[in-house]
Amino acid sequence: MFAFLYTLGIHLSVTLARIVALFHPKTRKWVEGQNSWQVTVYSLRFTAGGGPLNSGRRAASKLSDENHPSFVIQHSSLTPTFWFHAASLGEFEQGRPVIEAVRKNFPKAKIVLTFFSPSGYEIRKDYDQVDLVCYLPADTPANVNRFLNAVQPDMALFIKYEFWYNYLNELKKRQIPTLLFSAIFRPNRLFFKRYGGFYRKILFCFDHVLVQNKTSEELLKSIGYSNITAAGDTRLDRVAQIAAQAKSYPEIEAFKGETPLLIVGSAWPDDMEVLIPFLNQFTQPLKVIIAPHEINTEQIQKWQSELKRTSLWFTVYSLQLTKNNPLDTLHSNFDILFLDTIGMLSSIYRYADFVYIGGAFGDGLHNILEPAVFGVPIFFGKPHYQKFQEAHDLLQLGGAVSVANAEELTESFTVVYENQSVSRQRANICRDYILKNAGATEKVMEVIEAIQSQKGG
């Protein structure tokens, strides 16, 4: 009965999405992806030779499933196929170290990557370490069978979340090894409720679950699930990669000069309601870089008008440097730089003396691991950081501080600003946390390689 109601709910959700897509661009992208996944898969036939075949994706629009009734990816036991699924961009970044390790350790393997969210697919649809990227077809029995028949995965790997009943149930029926990695569980999840039998059934479809912490391991054991590895979070491996590949930005270095630098990452309006009063009342020398969560011209201009400190947009600053090249003087004319470009933030954390990460006053805290790897004291808001293990850990260790308002931020920030020993101590805590807890990717690969070895792959 529950399975029937679940599938009915999926059908109704797809129907509703098609209606909403008439008015909502993001939903329209998802619906288009649902309409095109078949031709995307077919257009990228796998061969025994291995290696990315991204050129096939460009031809997908010219094909249709009706034109190609055979609709099956050519498959060889000599070239195993790994299917990775990520809900969105954040989960992809979490799974990326494992994807690239599979590419390295199984060079002849085929790798399929699916996304649920348009925000993940649209940004990573040309990711060159996999053979195919497409939307996950809606979780109906017909879609599931057609997708699995086409892809023929030798192993399915779900990243952190995403518990799709029909997919997982069919994978189990077909005896396809299925892993969940970088997972994290909390007592309030339905799996652990007295009435959560249907959801526990979904969870037991996984052959192995690799969790981020011991708490998650104990929760799984409490419901009788035993194939568990406490591997940690693969995001730590990813941020270590990012730090090693961090770019240099002379214009940021010039802007900072000898003045302490605060970088605000992923600022939401709720965060700025705290940051603007703080910046207006903090009178000591300070340079600030603010990276808004969304680059909204009117919103940024409003923030500029409310700030007592002089500010400039990065693109304007960069253009002036290009025209006049006054690296030694231009930066002295303003205190705040609004980052209105994409792709810089993770690299420029290297220049920070302090970091504030946004999101915790709203939908959820953004990535604090990216600045932590560079060894810098971290601040963020309340209360929406509960789902992030690293936030709890760094708060407990003393590397990060959570604040509720401008007064708390001013008080906490002044402590690290005026006391270099405290600042260094908190910075070292953050850096050491990354170093001590990295290595989850290796543990995931040990499980993958063990399964492949048993299969003779």
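The values are calculated or read from the model by the stated rules, or taken from the named source; none is laboratory data. Not measured: the values here are computed from a predicted model. Cβ: placed from backbone, ideal geometry, glycine included. Neighbour counts: every protein chain shown.
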Query raised in the report: Got a sec? Which helices (runs of 4 or more DSSP H) wholly within the stretch 394-457 have at least 3 residues that are within 30 Å of HIS208 (Cβ to Cβ) and of a type outside the set (A, V, I, L, M, F, W, C)?
Result: 420-437, 440-455
Query raised in the report: Do the conditions hold for LEU180, that is, is it crowded, with 17+ Cβ neighbours inside 10 Å and assigned by TED's automatic domain parsing to the domain that holds LYS110?
Result: yes
**Report entry** LYS193 vs. criteria modelled with pLDDT under 95, in contact with a Ser or Thr (Cβ under 8 Å, 6 or more places away or on another chain), surrounded by fewer than 20 Cβ atoms within 10 Å (Cβ to Cβ) and over 25 Å from LEU236 (Cα atoms)
**Finding:** no
Query raised in the report: So PHE282 fits all but one of (1) touching a Ser or Thr at 6+ places or on another chain (Cβ under 7 Å); (2) not assigned by TED's automatic domain parsing to the domain that holds ASP340; what number is the exception?
Result: (2)
Query raised in the report: What number of residues within the stretch 243-272 satisfy the criterion of being more than 25 Å from the chain's Cα centre (by Cα), among the charged types (D, E, K, R) and surrounded by 15 or more Cβ atoms within 10 Å (Cβ to Cβ)?
Result: 3
Query raised in the report: Within the bounds of the stretch 364-379, is there any residue that is part of a loop (DSSP other than H, G, I, E, B), touching a residue at least 60 places away in the same chain (Cβ under 8 Å) and within 21 Å of LEU307 (Cβ to Cβ)?
Result: no
Query raised in the report: Looking at ASN143, is it among the polar types (S, T, N, Q) and under 23 Å from HIS11 (Cβ atoms)?
Result: yes
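Let's see how each residue does on (1) within 24 Å of TYR417 (Cα to Cα); (2) modelled with pLDDT under 95:
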residue	(1), (2)
GLU306	yes, no
ARG309	yes, yes
TRP313	no, yes
LYS323	no, yes
Query - Residues (in a helix (DSSP H, G or I) and either among the aromatic types (Phe, Trp, Tyr) or within 18 Å of ALA440 (Cα to Cα) (or both)) located in the stretch 205-225 - result: LYS214, THR215, SER216, GLU217
